Amino acid sequence: MIQSYIRDVPDFPKPGILFKDITPLLQSPQGLREAIASLAAKVEPRSFDVVCGIESRGFIFGTALAHHLGKGFVPIRKPGKLPWKTAAESYDLEYGSDRLEIHLDACQPGQGVLLVDDLLATGGTMEAAIKLVRRIGGRPVGAVFVIELGFLEGRHRLGGIPVHSLMTT
Ligand code: AMP
């Protein structure tokens, strides 16, 4: 059970947030293997060409999943980290806003892209990532998460692409 590897940490990083800590899952050989195999089982590998992960925990699951499925990996990063030409998208946080970037040549026009992050909360982060993939000519075919905070209904912001998660709280 994926659930048994997730540690709930109250009031991190600030009061009122129940942080879902994935480090026990990563630390466990069985947990990590089960997580990647379960994510792989949710998707149709023939429908996409690359896996795109969002900094930073999306890199961990995204790269492992890409390797597992024999695909390449594309990072979506925080501002100022990518060295080549980028497209950028700003999105709202609870307080203030943040920004994500992708390399303009991160995928070929029309390529299918599977997006990955560790957790779906309000959906703002993944919504911005989907926009970025479209902006550079990619075709988002789905979004997968290890954890979904279902009560925040973030999946409704993702424009109707298929959304899968391994556990919902
Ligand atoms: P959102 O844009 O609201 O869907 O937030 C998703 C992003 O914030 C993901 O990259 C998560 O890693 C992080 N995140 C949001 N809420 C939590 C939480 N309760 N525990 C751990 N990570 C979170």
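The values are calculated or read from the model by the stated rules, or taken from the named source; none is laboratory data. Keep in mind that what you see is a predicted model, and the values were worked out from it rather than measured. So basically every Cβ, Gly included, is an ideal-geometry build from the backbone, and we count neighbours across all protein chains shown. Remember, those area values only see protein heavy atoms, side chains included, never the ligands or the DNA or RNA. Shrake-Rupley method; radii C 1.70, N 1.55, O 1.52, S 1.80 Å.
Using Cα springs under 10 Å in a Gaussian network model of the chain, which residue among LEU149, LEU114, LEU93 shows the largest mean-square fluctuation? Ranking LEU149, LEU114, LEU93 by mean-square fluctuation puts LEU93 first. Note on the chain: GNM, Cα springs under 10 Å; of SER28, SER97, SER38, the largest mean-square fluctuation is that of SER97. Here the Karplus relation 6.51 cos²θ - 1.76 cosθ + 1.60, evaluated at θ = phi - 60°, turns the backbone of segment 107-118 into coupling constants of 8, 7, x, x, 5, x, 10, 9, 9, 9, 9, 6 Hz, with x for every Gly and Pro. Restricting segment 62-115 to chymotrypsin sites (Phe, Trp or Tyr not before Pro) that sit in a DSSP loop and have at most 13 other Cβ atoms within 10 Å of their own Cβ leaves TRP84, TYR95.
With a Förster radius of 25 Å applied to the C-beta separation of PHE151 and SER47, the computed FRET efficiency comes to 0.30. If you sort GLU34, GLU55 by accessible surface, 1.4 Å probe, largest first, the order is GLU34, GLU55.
Between the amide H of LEU104 and those of LYS85, THR86, ALA87, distances stay under 5 Å, these residues lying 5 or more places away or on another chain, with hydrogens modeled in the peptide plane. Computed on the Cα atoms alone, the convex hull of the chain gives a volume of 111 cubic angstrom per residue. Close amide-amide hydrogen proximity is noted between SER165 and PHE145, each under 5 Å apart and 5 or more residues distant or on a separate chain (H modeled in the peptide plane; Pro and chain starts excluded).
Note on LYS81/PHE19: beta-carbon distance plugged into 1/(1 + (r/R0)^6) with R0 of 41 Å gives a FRET efficiency of 0.95. Solvent-accessible area of the chain (1.4 angstrom probe, protein heavy atoms only): carbon and sulfur portion equals 53 percent.
Annotation: amide H of GLY138 within the under-5 Å range of GLY110, sequence separation 5 or more or interchain, hydrogens built in the peptide plane.
Heavy-atom accessible surface of segment 45-168, averaged per residue, reaches 47 Å², computed with a 1.4 Å probe.
In this Cβ point-charge picture (+1 for Lys and Arg, -1 for Asp and Glu), the chain has a dipole of about 420 debye about its Cα centre.
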